[in-house]
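**Student:** Take a look at the following structure, please.
The values are calculated or read from the model by the stated rules, or taken from the named source; none is laboratory data. Note that the structure is predicted; figures quoted are calculated from it, not measured. Cβ coordinates were reconstructed from backbone atoms using ideal geometry, including for glycine residues, and neighbour counts include every protein chain displayed. These accessible areas exclude ligands, DNA and RNA; they are computed on the full protein's heavy atoms, side chains included. Shrake-Rupley method; radii C 1.70, N 1.55, O 1.52, S 1.80 Å.
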Amino acid sequence: QVRLVESGGGSVQAGGSLRLSCVVAGTMFSGNTMNWYRQAPGKQRELVATITGTYNTNYKDSVKGRFTISRNNAKKTVHLQMSSLKPEDTAVYYCHTVHYGVAYWGQGTQVTVSS
C-alpha cells in the first residue's frame, strides 16, 4: 500500500517563500516519477512540477524560475521549494504518483498568498 503525506503549507505575503514536503509510505519511491499538482477554488487541478526517478524535472511555465522540485530517495521524500510567491499561487497543493498503473494522491496542503 502506498500513502502520500504532505506538509509545509501555510499563509504568506506576496514575495514570500514556502517549502512543501511529501513523505511516501510504502514499498515504492526511488524509481517513481513524483508530481506536485495544485487546485485553486473553482479551477481544475493542474500539474505544477515533476521529478523523475533519474532526477529530470519539469515545471509549469508560470512557476519556472520560482519553484524547485527535489527528492531524497533515502528519506522517501519529495519537496517543492516555492519562492517569489504570488496571489495566483494560492491553492491546495497535492503530491501525486502512479505505481503499477494506480494513481496515488496525498490529502493536500493549503497555500495562501496574500497581496
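**Student:** Pairs only if they're at least six apart or on different chains, beta carbon under 7 angstrom, first in the stretch 1-18 and over 25 Å from PHE29 (Cβ atoms), second among the β-branched types (Val, Ile, Thr) and open to solvent by 30 Å² or more (accessible area, probe 1.4 Å); list them, first residue then second.
**Tutor:** SER11/THR112
**Student:** Return the total of residues in the stretch 1-11 being at pLDDT 95 or above and either touching a helix residue (DSSP H, G or I) at 6+ places or on another chain (Cβ under 8 Å) or open to solvent by 80 Å² or more (accessible area, probe 1.4 Å) (or both).
**Tutor:** Here the count works out to 1.
**Student:** I would also like to ask the following. Looking at ALA14, ALA40, which one is farther than 18 Å from THR68 by Cα and open to solvent by 20 Å² or more (accessible area, probe 1.4 Å)?
**Tutor:** Result: ALA40 is the single residue among ALA14, ALA40 that is farther than 18 Å from THR68 by Cα and open to solvent by 20 Å² or more (accessible area, probe 1.4 Å).
**Student:** Out of the residues in the stretch 68-115 meeting the condition of being within 12 Å of the chain's Cα centre (by Cα) and without any contact (Cβ under 8 Å) to a residue 24 or more places away in the chain, tell me which one is farthest from THR33 (Cα to Cα).
**Tutor:** Among them, the one singled out is THR68.
**Student:** While we're here: Is it the case that some residue within the stretch 26-34 is under 11 Å from the mean Cα position of the chain (by Cα) and either exposed (fewer than 13 other Cβ atoms within 10 Å of the Cβ) or under 26 Å from SER114 (Cβ atoms) (or both)?
**Tutor:** Let us first name the residues in the stretch 26-34 that are under 11 Å from the mean Cα position of the chain (by Cα), namely 34.
Retained after the next criterion (residues that are either exposed (fewer than 13 other Cβ atoms within 10 Å of the Cβ) or under 26 Å from SER114 (Cβ atoms) (or both)): none.
No.
**Student:** Output the number of residues of the stretch 48-91 satisfying the condition of being farther than 22 Å from GLY26 by Cβ, open to solvent by 10 Å² or more (accessible area, probe 1.4 Å) and part of a strand (DSSP E or B).
**Tutor:** 5
**Student:** Taking interchain pairs and intrachain pairs at least six residues apart, which have beta carbon atoms under 8 angstrom, with the first residue in the stretch 31-58 and farther than 14 Å from ASN73 by Cα and in contact (Cβ under 8 Å) with a residue 40 or more places away in the chain and the second assigned to a loop (DSSP other than H, G, I, E, B) and open to solvent by 50 Å² or more (accessible area, probe 1.4 Å)?
**Tutor:** Close Cβ pairs satisfying both conditions: TYR37/ARG45; ARG38/ARG45; GLN39/ARG45; VAL48/LYS60.
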